[in-house]
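The values are calculated or read from the model by the stated rules, or taken from the named source; none is laboratory data. A quick note: this is a predicted structure, and the numbers were derived from the prediction, not measured. Virtual Cβ from ideal backbone geometry, glycine too; neighbours counted across all protein chains shown. These area figures cover heavy atoms from the full protein model, side chains too; ligands, DNA and RNA do not enter into them. Shrake-Rupley method; radii C 1.70, N 1.55, O 1.52, S 1.80 Å.
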Amino acid sequence: MAQYEFTDEETQLPPIKYEYLDHTADVQLHAWGSNLEEAFEQCAMAMFAYMTDIECVDLHEAHQIEAQGTDLESLLFHFLDEFLFLFSCEPFLVARKVKITEFDHENFRIVAKGYGEQFSLGKHPQGTEVKAITYSNLQVHNKAEKYEVFVIIDI
């Protein structure tokens with residue numbers, strides 16, 4: 001595969017705005033941002049960072065996903081599930097950066113790019129395997145200029 005040609009904007013890494021919360025037998029991702037797009041992006045990056053040390057991930061490839069839902073919660077579920085699929089199957093992408101390029105709030109549709117490289121055990125430390133995204137206690141909140149999302153992932 002030919003190396004992806006990145007723009008200057010694409011190579012700028014966002015600040016980390018996520019954390020991991022304890023949950024019985026699973027882990028809860030808590031991410032936030034100044035808008036809904038940023039909160040969703042941070043949640044996807046939190047998932048990848050749970051699977052490996054994303055500081056070891058270089059920006060060599062960009063892969064686009066599309067996700068559709070019936071509400072914000074199902075949209076977040078499908079958005080994360082699409083990225084989990086990219087990690088679990090060809091091209092085995094581990095993304096250090098996720099950027100939403102289209103967010104249709106009325107029709108609950110997202111187009112996004114994941115920037116990173118193919119996961120390699122020789123290069124990337126193995127974190128915890130994420131088996132699935134769950135709907136259990138999945139939440140999307142808008143709190144006075146701060147959007148927050150909570151997602152429990154099955155590990």
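Figures for the structure shown
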read-out: Theoretical gain in end-to-end length, Ile155 to Cys89 [0.36 nm per residue, Cα-Cα removed]; value: 22.0 nm
read-out: Selected from Tyr50, Tyr135, Tyr115 as most flexible by GNM, with the chain as the system and alpha-carbon contacts under 10 Å; value: Tyr135
read-out: Extension gain from Phe103 to Lys143, taking 0.36 nm per residue of separation minus the Cα-Cα distance; value: 12.5 nm
read-out: Carbon + sulfur, % of accessible area of the stretch 82-155 - ligands and nucleic acids excluded, 1.4 Å; value: 47 percent
read-out: 20 Å Cα-Cα threshold exceeded, pairs from Lys17/Lys99; Lys17/Lys143; Lys113/Lys146; Lys17/Lys97; value: Lys113/Lys146
read-out: Mean separation of Cα contacts under 8 Å, 6 or more apart, over the residue count of the chain: relative contact order %; value: 29 percent
read-out: Evaluated at q = 0.15, 0.19, 0.31 Å⁻¹: base-10 log I(q)/I(0), Debye formula over Cα of the stretch 107-155; value: -0.72, -0.99, -1.09
read-out: Residue-normalised accessible area of the stretch 19-154, expressed per residue, 1.4 Å probe, Å²; value: 46 Å²
read-out: Translational D in µm²/s for the chain (Stokes-Einstein at 37 °C, 0.692 mPa s, Kirkwood Rh from C-alpha pairs); value: 212 µm²/s
read-out: For peptides 8-20, 29-41, sequence by mean Cβ density within 10 Å, most packed first; value: 29-41, 8-20
read-out: Computed [θ] at 222 nm, deg cm²/dmol, the chain (DSSP H ≥ 4; -39,500 (n - 2.57); rounded to nearest 500); value: -7500 deg cm²/dmol
read-out: Between the stretch 2-33 and the stretch 52-99, the alpha-carbon center distance in angstrom; value: 10 Å
read-out: Charge dipole (the stretch 89-139, unit charges on Cβ, about Cα centre) - positive-most of Asn137, Val94, Gln126; value: Gln126
